[in-house]
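Engineer: Mind looking over this structure? Questions follow.
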Amino acid sequence: MSESVKVAVRCRPMNSKEQQQGCRNVVTIDSPSKCCTLECPSAGTGNGKVYQFDATFGPEATTESVYENVGSVIVEAVLDGYNGTVFAYGQTGCGKSHTMRGFIERTLDHIFEATSTASAEMRYLALLSYLEIYNERLRDLLQDGMSDLLTLKEDPNRGTYVAGGLREVTVKDAAECARLVEQGDRRRAAAATKMNAASSRSHAVLTLSLETLAINDDSKTENTVKRGRLHLVDLAGSERQARTGATGDRLKEAASINLSLSALGNVISALAAGQGRHVPYRDSKLTRLLRDSLGGNARTLMIACISPSDMDAEETLSTLRYAARARCIKNKPVINEDPKDALLRQYQLELQRLKKLLESGDQSILKELSMKELNEEEENDGQKKYVEEVERLKKECEDSNLSAQKLREELETLKIQYETGAIGNTDAKPVPRQPMDEQDLEREERRRKKREAAMQEVLKRLEKLTIGGEEQGNTELRRRREKRRKKLEALASALEASAQEGNGSVFQVYGQLRSTEDALKRMAKRVKQLEAEAADLQASWDAERRDLLRRELLTSQICDAMVPHLRPGCPFRDIVAARAAATWCDELSRWRLPDVSPHIPLPPPTLVPKDNIQYNIVPSKPDLNNNSNSKNNEDEIGNEADNEESSEHEEIKKPDIVDTYFRRSRIDKLLAHVRQAKTFEPTNRLSRSGGSEDTIPLAGNHLQLNALNLQTSASVIGDMDSYKPTQRLSTSTLAQPGWTLEENSLNKSSFLNHTIKKNPPRILEALPSYPQGTNGAFKFGNKSISERISDKLSSRFIENEVTENHPTLVGHARSPTY
Ligand SMILES: Nc1ncnc2c1ncn2[C@@H]1O[C@H](COP(=O)(O)OP(=O)(O)OP(=O)(O)O)[C@@H](O)[C@H]1O
């Protein structure tokens with residue numbers, strides 16, 4: 001029949017340190033209702049968490065009362081042949097060792113009280129072992145130097161046991177046990193930490209194995225041996241490094257302690273969850289050792305030790321949670337009858353055999369035995385003779401100084417004779433057995449006495465090893481034992497009755513509900529955490545999205561503002577169309593914009609007289625993608641320069657650009673602009689803002705300009721009157737605001753190798769800076785600018801005479817005039 005692990009909670013009193021620090025009591029123990037209430041702010045409930053256990057003990061409870069209420073039942077079960085385990089669990093410094101020391105003392109008293117007051121037929125064999133698990137290694141606390149060999153083994157019959165020579169001492173009374181326990185405690189690892197002056201640094205397991213045999217005079221009924229095994233486990237406490245201040249070895253120990261405790265926690269959780277879940281017993285030595293005690297063949301009591309202080313509330317909560325979970329673990333305790341390796345069984349078998357022989361009236365058995373013994377005696381006689389012969393030979397050898405070789409030969413012959421049966425039987429011929437005469441009866445009597453002595457010897461050995469019935473005459477002890485037994489019986493019957501009423505299942509359901517509630521709360525907490533994380537992510541995505549939208553808006557606004565200023569002829573006057581035509585370039589990680597420069601078809605080139613100036617307006621294609629190849633441009637410039645040199649000698653008739661481009665309406669427009677240009681500031685003529693760069697080869701006979709960049713340098717135009725045919729345009733003259741002059745590294749000496757870069761001005765600003773007259777009107781020579789332009793326009797085109805003699809002069813000096 002299965003039964004749950006029993007769980008009791010014991011809360012220690014506030015220690016002086018906690019009192020000094022003014023700690024608050026957050027634990028309330030209600031022993032009658034077996035409830036423990038913890039006020040824990042982190043538990044999430046304002047009124048505190050209530051846990052119910054099999055028993056609860058407050059700070060005022062003595063170890064005696066704890067033992068009597070919950071411990072003695074387990075010990076009584078061990079006396080009946082069950083396995084039992086009592087283990088103390090909890091945070092460091094909360095009273096585990098304090099409780100277990102008291103338990104060990106009382107357990108030993110209890111056991112030896114029971115054995116000593118037992119009837120004379122009851123024999124008990126008690127064996128004690130004491131070990132610790134220190135840093136995941138087993139150490140024998142009852143002897144030194146064997147620890148490296150100790151290992152844990154599992155056996156289907158024996159369960160988990162320690163192999164490798166763990167010392168098991170046969171004990172007879174409580175005092176002897178106490179002495180051994182004291183020895184073991186001295187060997188046990190303990191050290192001072194900030195939280196406990198004598199903190200256990202290992203898990204200690206005291207095991208008392210008790211074999212029981214009822215010696216029955218009735219030889220027909222088989223006596224059974226029962227073996228109960230009791231583990232009293234003082235676990236090391238879970239600890240936080242920050243609070244214990246553990247460093248070095250203490251820290252290493254703490255890590256090992258916490259690891260094994262967490263393995264124990266996992267085993268408890270897995271067993272509590274049930275449903276065939278894998279139970280990770282093998283994760284630590286502690287869980288392997290406690291395998292039978294948790295979910296196996298044992299009656300188990302867990303004493304959860306807690307501190308009342310608010311400083312320890314978190315650890316207390318964790319201890320209570322594990323304790324509540326442990327209540328759901330189901331064990332299957334059975335009485336261990338006739339274990340194969342029981343020592344008492346061997347003694348019992350020997351006794352039974354001897355008894356059988358003595359008391360049996362069956363002569364055939366006796367005869368058989370007599371013949372066997374006679375043969376044994378004869379064989380012994382032969383052996384004796386052989387040994388005597390060997391000794392004689394050795395002596396002879398020593399006396400007569402026989403050679404070693406001779407001696408060897410003699411010995412060999414003797415050996416062969418002995419093996420073939422020659423010795424001992426040489427002169428004794430096989431004599432047929434005579435019916436028993438007086439001599440035989442004497443011999444038989446001798447043998448019977450011998451057997452009796454052997455049986456007495458076995459009994460003596462048993463007496464020596466086993467215990468039981470020593471205090472039969474001690475009425476006081478017997479009365480105490482009787483009282484305890486009655487109390488326990490009453491308790492057991494009450495428990496049985498309550499179980500029958502269904503209370504047991506109610507508690508069970510309650511325990512399961514508690515653990516489910518705990519699991520749900522943990523999940524709710526996790527969900528809250530995840531929700532907070534999701535909200536954080538959402539907020540950051542929103543911020544990023546808003547920022548992107550704003551930037552997009554800015555781009556749109558800039559583009560919208562720029563659109564009216566796009567050059568005529570641009571195929572993308574609409575920003576949407578430009579966007580659609582743009583392509584993303586992975587290599588450059590940027591957009592490849594469409595060519596937005598205007599595509600104005602040029603008139604076909606025609607031959608013009610050599611001396612005619614050709615202003616061939618080449619629509620520039622600004623490289624908005626930043627993919628321009630400056631080398632190509634330079635090459636182009638170079639080529640053009642070369643071409644120009646070569647074209648100096650060519651006679652080419654080129655079309656009249658003005659005729660082509662400056663139609664009537666456009667001229668009128670320009671004139672209107674010019675008229676408005678009275679307020680025009682010469683210094684601001686050339687805008688530096690925006691636009692692409694145009695390259696103006698200075699030595700060519702044509703000028704490469706944007707369609708709208710029909711402009712010229714004011715100073716150059718202004719100086720036109722004073723221009724001398726032989727004069728070359730100096731670089732300083734060209735270095736006007738808004739224009740930049742770059743030196744071509746290929747041929748610095750040549751003016752041809754200079755390129756002028758300029759920013760495209762707006763059309764009004766692009767007008768040349770004309771000299772002003774006294775009345776503020778623009779003057780060009782002795783005419784006002786409007787007059788001059790009218791003149792020029794009336795002839796549609798004013799030829800610049802200076803170019804006739806100076807074909808190399810290009811650019812500003814050759815700028816078209818209006
Ligand atoms: N119920 C109690 N009544 C009085 N004193 C107690 C009680 N429980 C514990 N103490 C005292 O508290 C101190 C710490 O107890 P103990 O050493 O048993 O703690 P522990 O849980 O075994 O700690 P560790 O895990 O570090 O070994 C000891 O001085 C002990 O006497």
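Engineer: Using DSSP to call loops (not H, G, I, E or B), can you name the chymotrypsin sites (Phe, Trp or Tyr not before Pro) in segment 115-149 whose Cβ has at most 15 other Cβ atoms within 10 angstrom? Each step should come with its number before you reach the end.
Structural biologist: On the way: sites: Y124, Y130, Y134; in loops: none.
Listed in order of number, the matching sites amount to none.
Engineer: Let me ask you something else. Pick out, in residue order, every one of the GluC sites (Glu not before Pro) in segment 63-132 that is DSSP loop and has at most 16 other C-beta atoms within 10 Å; say none if there are none. If you can, show how the numbers build up before the last one.
Structural biologist: On the way: sites: E64, E68, E76, E105, E113, E121, E132; in loops: E121.
Those satisfying the criteria are E121.
Engineer: Still on this model: Mind ordering 475-488, 191-204 by average Cβ neighbours within 10 Å, highest first? All intermediate terms of the calculation are to be shown ahead of the outcome.
Structural biologist: Working: 475-488: 13.1, 191-204: 19.4.
Result, highest mean first: 191-204, 475-488.
Engineer: Anything over 32 Å Cα to Cα? Flag those among K34/K172; K34/K521; K6/K528; K172/K252; K96/K172; K332/K483, in the order listed. Kindly include the intermediate steps, with their values, before the conclusion.
Structural biologist: Numbers: K34/K172 37 Å; K34/K521 23 Å; K6/K528 35 Å; K172/K252 39 Å; K96/K172 27 Å; K332/K483 29 Å.
Exceeds cut-off: K34/K172; K6/K528; K172/K252.
Engineer: Quick one: which of 96-103, 295-302, 587-594, 243-250 comes out on top by average Cβ neighbours within 10 Å, and what's the full order, highest first?
Structural biologist: Working: 96-103: 21.5, 295-302: 23.8, 587-594: 12.0, 243-250: 15.0.
Top of the packing list down: 295-302, 96-103, 243-250, 587-594.
Every number in this text was worked out from the coordinates using simple rules, so none of it is lab data. Note that this is a predicted model, so its numbers are computed, not measured. Ideal geometry is used to build each Cβ from the backbone, glycine not excepted, and the neighbour counts take in all protein chains shown.
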